[in-house]
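Read through the structure below, which is laid out as structure tokens, and then see the notes.
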């Protein structure tokens, strides 16, 4: 029993670490709202923006108008967005790191050719309605 506690158990814990570290983030389908950080300086009013996620699309609307519709893929904690239409659609794909929170998630820019979008998303939480 002592051999198990001192040698085998620590090895099992270390062996399981890659499984924990590589856990797949999951964006639950549904409607989300943007909650700005206390020091938000994105230059736009995000209070009326709703974002709907399906299994593979994201649609941001404000007052019924489509701001942007994107397809996305999620691998691990990295999401790649490709805008397909909308008033503020960007021409190139973008990558964000997803951090799950108690009520939703945050998106941290990794690669985005649209600095306005990256600046806004870096300063908000997406909270499920």
(message) So if each residue of separation counts as 0.36 nm, and I subtract the Cα-Cα distance between residue 95 and residue 78, what length gain in nm does that give?
(response) 5.4 nm
(message) Using the basic label-point model (7 angstrom from Cα toward the beta carbon), what is the residue 128 to residue 65 distance in nanometres?
(response) 3.1
(request) Please give the residues of segment 50-75, grouped as numeric ranges, whose backbone N is less than 15 Å from a label point set 7 Å along the Cα-to-Cβ vector of residue 26. (result) 54-56, 74-75
(request) List the pair-distance distribution P(r) of segment 24-128, using every Cα-Cα distance, as the percent of pairs falling in each 5 Å bin from 0 up to the bin containing the longest distance, rounded to whole percents. (result) 3, 13, 24, 30, 22, 7, 1
(request) Tell me, rounded to the nearest percent, the portion of alpha carbon pairs in segment 47-89 spaced more than 12 Å apart. (result) 57
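The numbers here are math on the coordinates, done by the rules we state, and not lab data. In this text the structure is predicted, and so the values were computed from the model without any measurement. Note that we place each Cβ from the backbone using ideal geometry, even for glycine, and neighbour counts take in every protein chain shown.
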